[in-house]
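First up is the structure itself, then whatever we jot down about it.
The values are calculated or read from the model by the stated rules, or taken from the named source; none is laboratory data. All values derive from a computational prediction rather than experimental measurement. No Cβ is skipped: glycine too gets one built from the backbone with ideal geometry, and neighbour counts run over all protein chains shown.
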Amino acid sequence: MTKKLPYYCILLLLLFQHSFAQQPKKPTASEIYNQIEKLNFLGSALYIAAHPDDENTRLISFLANNTKARTGYLSLTRGDGGQNLIGTELRELLGVIRTQELIEARKTDGGEQFFSRANDFGYSKVPTETLEIWDKEKVMSDMAWIIRNFQPDIIINRFDHRSPGTTHGHHTSSAMLSQELFTLANDPKFEPSQLQFVKPWQPKRLFFNVSWWFFGGRDKFEKADKSKYINLRTGVYFPSLGKSNQEIAALSRSKHQSQGFGSTGVRGEDMEYLELIKGDGITDQQNLFEGIDTSWKRVKGGAPIGETIDFILKCFDFKNPSASVFDLTKVYRQIEQLEDSHWKKIKLEEVKNIIANCAGLYLEAVAEEQSVTPGSNLKVKWEAINRSPVEMKLLALQLIPQNETLEQSYPLKNNLFESETITVKVPKDVPYTSPYWLNEKGTTGMYTVNDQQKIGYPDIIRNLKITFSILVEGIQIPFTREIIYKYNDPVKGEVYRPLDVVPKVTTEILNKVQLFKDKKKQSVAIKVKAGKDDCSGTIQLELPAGWVVTPEYMPFQLHKKGSEKTVTFEVTPPNYATEATAKAIAMIEGERFDHQQIIIDYPHIALQQVLLPAEAKFTRADVETKGKNIAYIMGAGDQVPQSLQQMGYTVTLLKPEKITSSLLEKFDAVVVGIRAYNVVEALQFKQPLLFEYVQNGGTMIVQYNTTGNLITQDIAPYPLEISSDRVTEENATVTFLDPKNKVLNYPNTITQNDFKGWVQEQGLYYPDKWNSEFTPILQSNDKGETPKKGALLVAKYGKGYYIYTGLSFFRELPEGVSGAFRLMANLIAVGK
């Protein structure tokens, strides 16, 4: 027998249920007790900043674990413009990684995560530029939506809204918008279309979280008068968790692995400083919620609920948490009867999880396969076990989003495992699994999300779920679980993976940038991958007029799910310089498939499937190269080696520990990857050999490093000091300081046109001091700033050349910017 669920119930279940894509946590009795304490606190705090890793995890952990407040972090961006210390993913793929790192951080410190649609387009020096590129009105709308949904009693800004130009423009903008929205979110005339889902909301207080950063150093901060700030003692120890607040915060902070923010936990006294910006003052500096009713009395009809929870806490049996289930079901029924929809929704979810945890109720739905296509059948094994004497019965399984109920009748006896395999029909219109904010093309500053109710939601939305309807002590309670996939690994043991909805086939142009240095035809390889058994059709390469592709299309046949085939087309470029977007398109019975499947798999985050348009950039450019063999020493991770191969060089990835004088002799140039002198310890011991290579006639090209934590100060054969100077305006006018220099003339004549079409930023972390042996080649600056001359420095050393550059080749080459190819070819050829 089947029943239908109302559509609005399905939507709520899709957006507000927690993800179980990784192994579900099984809390201890002490952790359950903390959950019950949190159930008894009705207060919320929202921390606001610009990027992943901007948040103060010590304060978030303190509010979540000590105050027991519902604590959220709103990061306006997903960190797409940062660098990547663990892999080569940049831009939107790095944003996916950093999104998941924030989600894992919140799982650790007890907070919740939110985002706006703002895109981290790269470093911005002033908030005026930031807000123009972001689209201020849309970001404010998103922030208002999140504030109205979350309903924070207090808001805490990481940054100071009164100091534009002193820090990243994104940072200051986050604070400026936050203080503006403090009252604007409560104005029904602001974004009135939102009010069909939410109501206006007025927070009670707005704070600025003061830090030593804003004083120019820890020593200055230590000496500063901090009596005018709220001095909040956060160095607490949680005996039930066995950790200090700082230790929890460090574990959370260390989830930001792509940015190298591993942190060591500390113990003992600790202090956070807060400045009240708006709202009522407080007299008790240890209570940011002073004067705010955070008990159940703040909700109409809620007082009896608080009394029941007080009784549960008083009588909680740490050896037998299931003894609290009867009273917890009473709390569940009381909350169900509330009129207040906000706290009702939040606390119903909390109490359901607590009931399951107290009873050791384990519910799971496991798919037979890790991926599935729309419209297909999927075998799912459900499992239910009640590990307590509490009376329970499985009444029904509700399939989401099919809106279908399967009646069941399984008494769940103490510690008796119940399981069954069912066949689930996947809806034909179920969306593919991919980050929803990447489904439509955005702008430089904003992602495109047109569904109001998705805005702010942190994660990929996974649609296939099962709700277990369980009768607990006579009360019917729904527990929703995502359908997941798991398997046993001989080394790792039980491994959980999310269930992904995939297209019948995906395509991929193997070279994301194809460089045509002349009008000769080149081979272009396209891979097609099956998402199901028995896929056959045709594949074609789509290019604009002027490009010739042969053959017009090619057939493919794939018998097994997951199998792949690579086909090759011949492409003849136009006889003039141009750039084009190539698209790989598969056709199956008239249906078009044009997405590439990208799998991001790192051990510290859940596996991610990203579906992006199967495209590549084809560049027809007049690029002449000299030399053949290039050694590349990887740093923090980039895709420059692939770009060098596109230019026709033979590239060897050279590990520093393998460097010898005889090995270096065979290379025409040695190129050092981004931030290598920040992250590759072994390089400090090989500098003498690299400098000897240059002295004997070699060419060494070093790309940018940051100012802090250099593994050696001797990164160059002559003194050179790195600064934080950068040119963030990628279209900033470039002046040639030494126009006759070989790197501007051989083998390609570099002109102003070669600096057109650059992306994100022109360059970063330029040196600002160098010895006279260096010749500065280029000069440029952002609007209103002094000229910067450190973008490209060339020095003769012995018979060879040493080159240091902060130009963003690591962004420009993978984007197929023709001028970057031409300039890099000249740098490599300087000694020829």
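When you go through LEU94, LEU102, LEU74 one by one, which is the residue that is on the phi < 0 side of the Ramachandran plot, assigned to a strand (DSSP E or B) and either touching a helix residue (DSSP H, G or I) at 6+ places or on another chain (Cβ under 7 Å) or assigned by TED's automatic domain parsing to the domain that holds SER173 (or both)? Let's see the steps before the verdict.
Numbers: LEU94 fails: assigned to a strand (DSSP E or B); LEU102 fails: assigned to a strand (DSSP E or B).
Result of the check over LEU94, LEU102, LEU74: LEU74.
Exactly one residue among LEU764, LEU793, LEU827, LEU823 is under 22 Å from SER643 (Cβ atoms), outside any strand (DSSP E or B), modelled with pLDDT of 95 or more and in contact with a strand residue (DSSP E or B) (Cβ under 7 Å, 6 or more places away or on another chain), and that residue is LEU827.
In the set (1) out of contact with any Phe, Trp or Tyr (no Cβ under 9 Å at 6 or more places or on another chain); (2) under 27 Å from GLY43 (Cα atoms), the condition left unmet by HIS171 is number (1). One residue stands out among those in the stretch 565-605 that are of a type in the set (D, E, K, R) and under 29 Å from the mean Cα position of the chain (by Cα): the one that is farthest from GLY757 (Cα to Cα), which is ASP601.
Right, THR735: among the hydroxyl-bearing types (Ser, Thr, Tyr), closer than 27 Å to PHE618 by Cβ and either modelled with pLDDT of 95 or more or under 35 Å from the mean Cα position of the chain (by Cα) (or both) or not?
No.
From the set of residues in the stretch 25-50 that are part of a loop (DSSP other than H, G, I, E, B) and crowded, with 24+ Cβ neighbours inside 10 Å, which is farthest from the chain's Cα centre (by Cα)?
Checking each candidate, the answer is LEU42.
Scanning the stretch 666-682 for residues that are of a type outside the set (Gly, Ala, Ser) and within 21 Å of VAL794 (Cα to Cα) turns up PHE667, ASP668, VAL670, VAL671, VAL672, ILE674, ARG675, TYR677.
Yes/no per residue for (1) among the acidic types (Asp, Glu); (2) modelled with pLDDT under 95; (3) assigned by TED's automatic domain parsing to the domain that holds GLN760; (4) within 30 Å of LYS199 (Cα to Cα):
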{"site": "TYR447", "(1), (2), (3), (4)": "no, no, no, yes"}
{"site": "ILE455", "(1), (2), (3), (4)": "no, no, no, yes"}
{"site": "ASP459", "(1), (2), (3), (4)": "yes, no, no, yes"}
{"site": "ILE470", "(1), (2), (3), (4)": "no, no, no, no"}
{"site": "PHE479", "(1), (2), (3), (4)": "no, no, no, yes"}
{"site": "ASN488", "(1), (2), (3), (4)": "no, yes, no, no"}
{"site": "VAL495", "(1), (2), (3), (4)": "no, yes, no, no"}
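Just one of (1) closer than 30 Å to GLY82 by Cα; (2) out of contact with any strand residue (DSSP E or B) (no Cβ under 9 Å at 6 or more places or on another chain); (3) surrounded by fewer than 20 Cβ atoms within 10 Å (Cβ to Cβ) fails for TRP201. It is (1). When restricted to residues that are among the aliphatic types (A, V, I, L, M) and outside any helix (DSSP H, G or I), the stretch 174-229 contains 5.
If you go through the stretch 754-808 and keep only what is among the β-branched types (Val, Ile, Thr), touching a residue at least 40 places away in the same chain (Cβ under 8 Å) and more than 27 Å from ASN696 (Cα to Cα), you end up with just VAL759.
Taking the criterion of being out of contact with any Leu (no Cβ under 8 Å at 6 or more places or on another chain), surrounded by fewer than 19 Cβ atoms within 10 Å (Cβ to Cβ), within 18 Å of ILE470 (Cα to Cα) and small (Gly, Ala, Ser), would at least one residue in the stretch 405-420 satisfy it? Checking the stretch 405-420: at least one residue is out of contact with any Leu (no Cβ under 8 Å at 6 or more places or on another chain), surrounded by fewer than 19 Cβ atoms within 10 Å (Cβ to Cβ), within 18 Å of ILE470 (Cα to Cα) and small (Gly, Ala, Ser). Considering only residues in the stretch 448-462 that are more than 19 Å from TRP134 (Cα to Cα) and of a type in the set (D, E, K, R), the one that is surrounded by the most Cβ atoms within 10 Å (Cβ to Cβ) turns out to be ARG462.
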